[in-house]
1. Every residue in the stretch 401-423 that is part of a loop (DSSP other than H, G, I, E, B) and free of Cβ contacts under 8 Å to residues at least 12 places away in the same chain, please.
2. Could you please let me know if residue 164 is within 25 Å of the chain's Cα centre (by Cα), surrounded by fewer than 24 Cβ atoms within 10 Å (Cβ to Cβ) and touching a residue at least 40 places away in the same chain (Cβ under 8 Å)?
3. So which helices (runs of 4 or more DSSP H) stay within the stretch 429-518 end to end and still have 3 or more residues that are within 18 Å of the chain's Cα centre (by Cα) and within 30 Å of residue 53 (Cβ to Cβ)?
4. Tell me which residues, restricted to the stretch 80-120, are surrounded by fewer than 16 Cβ atoms within 10 Å (Cβ to Cβ) and either in a loop (DSSP other than H, G, I, E, B) or without any contact (Cβ under 8 Å) to a residue 24 or more places away in the chain (or both).
5. Say whether the condition of being assigned by TED's automatic domain parsing to the domain that holds residue 441, closer than 24 Å to residue 465 by Cβ, touching a residue at least 12 places away in the same chain (Cβ under 8 Å) and surrounded by 18 or more Cβ atoms within 10 Å (Cβ to Cβ) is met by at least one residue in the stretch 393-400.
6. Out of the stretch 211-246, which residues are surrounded by fewer than 21 Cβ atoms within 10 Å (Cβ to Cβ) and at positive phi?
7. Looking at the stretch 228-262, which of its residues are in a strand (DSSP E or B) and free of Cβ contacts under 8 Å to residues at least 60 places away in the same chain?
8. Answer yes or no: is there a residue in the stretch 70-77 that is closer than 28 Å to residue 161 by Cβ, under 26 Å from the mean Cα position of the chain (by Cα) and assigned by TED's automatic domain parsing to the domain that holds residue 30.
């Protein structure tokens, strides 16, 4: 697969303070540059794909910030500006008086050819939702999708909220090809422009970046029901992550609580009140972007959501680009079998009793631990696994299970599934209580996480969640306590899932994570 990249980096360097621009030219690593951060009273920083680097020994002054602001476009209500006919984005941080005290200068790149990995899906006419962490390439893929579809003589309209898809200025960037672009006067009106695009311009395809509000989700459903192909992105990294968002879960059908009979609840190993899909999904296909060359594709969103809510394995399609540049597609069972083949080394042995007992060989992080949950809250178990960053798979087939999780009250009664597990030699773990904390401690022990103890991990993750709440409430930045690399990785992951930015600072053993808005 041949890709062509254009970044108009000279245009961005021309608006930066001369000393900063000269230093970047000396480094000669333009292809790896992600963004430049200019904060008042701090050293200018460049963020590359593989490192963060201070550019100057001196601190940024108000004059430096004014130098940049004078040379770029006006800031919109979302504190974003750009450079005319480029894809670069400059985001501002303001003080309480409204003065700009910080700038994040993001490098915008048009990557021609990046859509080839999913071109068959893009051109199928189905509505597609893209998920992935910030900076992973969602907007780049949207831009390419718009160009490819427009070149096929389809009527494509881009609803460009922050001018990230088509670039700044009234004339859109050539990277969108023949597609037309509608700018949004203020982010809160994005849903109205989406509907206006359908009613006024008769598009066959609508492209929309960052669906993040309930009104936008409702507008997306309206567009899809009118027979228009919709390709968009949403806040979130994975399908299960999106389901936890009450505002956006409607994009994949939404969830509602239903009450099961006592027998059905025991069979599933859940509480009587469980979640089920409420309606047909707005989008037909969901693509999780792990990185620019690795994708997970759910071709039937309704089927995937049903499986996820019922604790069944997701047989998603995996696509990636190999060393030769070819697109490799592993479909459903093939991808799952390959994952299990790489990580599984035979059946585990031993009988587990007590929440912290551990004679099981620690499983590999490359493959999931298959768990039969009897009387244990499955949603809480998934939440505990996500918090620790360990892979699990909940199964209703005891014969496929690597372990059985249950509660002390059930274990004492020895119901049929527990008795059968013991007869088959399947490890049985008995939790003292049906809480996320107990589950985190148990999973940390099973996966032999390299931390001093499970409590250290739990406390650090709780500190991260509190920091995220502070940033979402308006704090400009929150710095966490120093932690080892294993814990910092989980802190970065949780911040990404909350659509926030995090970076590590300092030297070991005092290296720590800072969390802030993009």
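1. Initial filter on the stretch 401-423 (part of a loop (DSSP other than H, G, I, E, B)): 401-402, 414-415.
The one that is part of a loop (DSSP other than H, G, I, E, B) and free of Cβ contacts under 8 Å to residues at least 12 places away in the same chain: 414.
2. Yes; evaluated as a whole, the condition is true for this residue.
3. 454-472, 485-497
4. Within the stretch 80-120, 94, 95, 96, 97, 98, 99, 113, 120 qualify.
5. Checking the stretch 393-400: at least one residue is assigned by TED's automatic domain parsing to the domain that holds residue 441, closer than 24 Å to residue 465 by Cβ, touching a residue at least 12 places away in the same chain (Cβ under 8 Å) and surrounded by 18 or more Cβ atoms within 10 Å (Cβ to Cβ).
6. Across the stretch 211-246, the qualifying residue is only 227.
7. Scanning the stretch 228-262 gives 255, 256, 257, 258, 259.
8. Looking only at the stretch 70-77, we keep the residues that are closer than 28 Å to residue 161 by Cβ, and these are 70-77.
Still in the running and under 26 Å from the mean Cα position of the chain (by Cα): 76-77.
Now restrict to residues that are assigned by TED's automatic domain parsing to the domain that holds residue 30: 76-77.
Yes; the residues of the stretch 70-77 include at least one that is closer than 28 Å to residue 161 by Cβ, under 26 Å from the mean Cα position of the chain (by Cα) and assigned by TED's automatic domain parsing to the domain that holds residue 30.
The values are calculated or read from the model by the stated rules, or taken from the named source; none is laboratory data. This structure is a prediction, so every number in the text was calculated from the model and none was measured. Heads up, the Cβs are rebuilt from the backbone with ideal geometry, glycines too, and the neighbour counts pull from every protein chain shown.
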